[in-house]
Amino acid sequence: MTDAVRRERCAEVAAAVMVLIPSILEGRGDPDKLANALPAVQRIQTVIDAGSAGIDDERYLAWLRVAPANIRALGDAVEAGDADAAFAAFRDPSGGLHLLSAGCEGCVGW
């Protein structure tokens, strides 16, 4: 059961990231494209809000502990129209979404 929950949440974040990355990169030259990242940020927030119940993968849980602050910074940057700050939050070494590469290893999209 626990792996099924993790796999489902990882798939949801992976789908959001597939929208998020191009929106941030293209948003450097076009603020309207950066705004397209906001629904993806909200999808990731929904996964964060779902919490840790049913998940025991420590690597996923490590991401979940830092994710709220990171996704807040990412969302704030998108809302401010700052693609550089959004990208910095995305790849933040201590809290960025890259942490899910380990936490979602073996899941669809990762």
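Structure above, values below:
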quantity: Using alpha carbons only: equivalent-ellipsoid semi-axes of region 67-110, gyration tensor based, whole Å; calculated: 22, 10, 8
quantity: Label-point separation in nm, residue 80 to residue 19, each point 7 Å along Cα→Cβ; calculated: 2.4 nm
quantity: For the chain: accessible area per residue (Å², 1.4 Å); calculated: 52 Å²
quantity: Hydrodynamic radius of region 1-104 per Kirkwood, over alpha carbon pairs, in Å; calculated: 13.5 Å
quantity: Protein accessible area in region 1-101, 1.4 Å probe - carbon and sulfur %; calculated: 55 percent
quantity: Farthest toward positive dipole pole in the chain [+1 Lys/Arg, -1 Asp/Glu at C-beta], among 15, 69, 51; calculated: 51
quantity: The chain: angle of helix 38-49 to the longest principal axis, Cα-based, in degrees nearest 10; calculated: 30 degrees
quantity: Between 0 and 90°, nearest 10: helix 2-27 axis offset from the chain longest Cα axis; calculated: 10 degrees
quantity: The chain, relative contact order [Cα under 8 Å, separation at least 6], %; calculated: 33 percent
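The values are calculated or read from the model by the stated rules, or taken from the named source; none is laboratory data. Just so it is clear, the structure is predicted and the values come from calculations on it, not from any experiment. Virtual Cβ from ideal backbone geometry, glycine too; neighbours counted across all protein chains shown. Just the protein is used for accessible areas: all its heavy atoms, side chains included, with ligands, DNA and RNA removed. Shrake-Rupley method; radii C 1.70, N 1.55, O 1.52, S 1.80 Å.
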